[in-house]
Structures are given as structure tokens and as C-alpha cells.
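The values are calculated or read from the model by the stated rules, or taken from the named source; none is laboratory data. Keep in mind that this is a model prediction, so the values were computed, not measured. Note that each Cβ is placed from the backbone with ideal geometry, even for glycine, and that neighbours are counted across all protein chains shown.
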Amino acid sequence: MSKHNTILDTSDIDRILSRITHKILEVHKGTENLSLIGIHTRGVYLAKRIQLKIKEIEGIEIPTGNIDINLYRDDWTRISHHPVVQATDISFPVDGKQIILIDDVLFTGRTIRAAMDAIIDFGRPDRIELAVLVDRGHRELPIQANYVGKFIETRRSETVNVLLAEHDGQDCVVIENRTTES
């Protein structure tokens, strides 16, 4: 049996992405050499939403790509002996770019480490930053996000599920507490 607790809804997620977008533009003083790379799966949709918000604000469509990190993970054999590898599409040179990696949830840091390794295979950006919708703590690696939508204290036994309309038919963030029924 599992219990669900919805912590963010559609309007919360949109407000958070607007705030993250404005912060990115403020820190970078515009869009020069700025690119976004979304991590599969939901980070891709979040990156596209931020790209659209930047276009609405600045009138510029910045390069946006997506990356699959499954074969770069140091723990992929623990997750599955047959990882589902999705397409990576980075159709712009990363050399000299200010890259912002976008993901839905920051947990142990392993996904982000793998994403940085994958990006370096494409070239040498000037800087890599991280934007996440939710930071739930429990780091195993010394990785910290530059832009965080919401910090949520969780137990390791809990799961943070981000649902996005493009993939799941609705926008919300749910904490699921897996309990055993007696």
C-alpha cells in the first residue's frame, strides 16, 4: 500500500519555472552563450518550458537539447541489466557555452554526475549549471543545484514523483510513502 501527498500543482510548477527562468536571466545577464540541456525524461519537458519562457521574455530562442544518461551511470547495473536508452539530441556545439542542465528531481547526485560526463563527450563548455524542480536531499555525491524550485525534506523510503502534462497528462509533484500493509 502507498500513500500520496500532492505538494505542487499546475500553477505551482508554472510559477516555479517562471522564477527559475528569471533567475537564470538575471545571473547570466541575458542569453549570450546560454544553452539548456534537459535530462530524460521529464527534464527534457522542463527545459522546453524554460526555453519558451526565455523566448517570451527576451524574444530569443536559445539552443536546447536533451540527453540520455543511462549508459553513463555508475549504478546502471543495479537499476536494470537492460537499460532503456533514449535519444540524445544536442544539435549545437557545447564548446564555450554556458550550459544549464535541467532535471526534475535532485536526489543522490548520480544522475547529474552522469549527465556532466555525457556532455563532456560533446565538447568543453565554459560552465555547467544545474536547475531542478525539486531538491529532496540525500546526496551521495557533492553536487548542488544552482537553481532550485522547491526544497523538500524526504525520507529515503519516500519517492518524489513529478508528473508533467507532456508525458503524464497532468502537472503535479507527489510524494509517495511506501508502507507495508499488516
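Touching a Ser or Thr at 6+ places or on another chain (Cβ under 7 Å), acidic (Asp, Glu) and more than 19 Å from Ile39 (Cβ to Cβ): is that true of Glu176 in this structure? So Glu176 fits the description; yes.
Using the structure shown, decide if Lys29 is at pLDDT 95 or above and buried (at least 21 other Cβ atoms within 10 Å of the Cβ). Even if it seems obvious, please write down each step before you answer.
Details: at pLDDT 95 or above: yes; buried (at least 21 other Cβ atoms within 10 Å of the Cβ): no.
No, not satisfied.
Residues that are part of a strand (DSSP E or B) and either touching a residue at least 40 places away in the same chain (Cβ under 8 Å) or buried (at least 16 other Cβ atoms within 10 Å of the Cβ) (or both) within region 138-160 comprise Tyr147, Val148, Gly149, Lys150, Glu158, Thr159, Val160, listed in sequence order.
Can you go through Gly169, Gly123 and tell me which one is of a type outside the set (S, T, N, Q), surrounded by 13 or more Cβ atoms within 10 Å (Cβ to Cβ), on the phi > 0 side of the Ramachandran plot and at pLDDT 95 or above?
Result: Gly123 is the single residue among Gly169, Gly123 that is of a type outside the set (S, T, N, Q), surrounded by 13 or more Cβ atoms within 10 Å (Cβ to Cβ), on the phi > 0 side of the Ramachandran plot and at pLDDT 95 or above.
If you go through region 19-53 and keep only what is in contact with a helix residue (DSSP H, G or I) (Cβ under 6 Å, 6 or more places away or on another chain) and free of Cβ contacts under 8 Å to residues at least 60 places away in the same chain, you end up with Thr21, Thr31, Arg49, Lys53.
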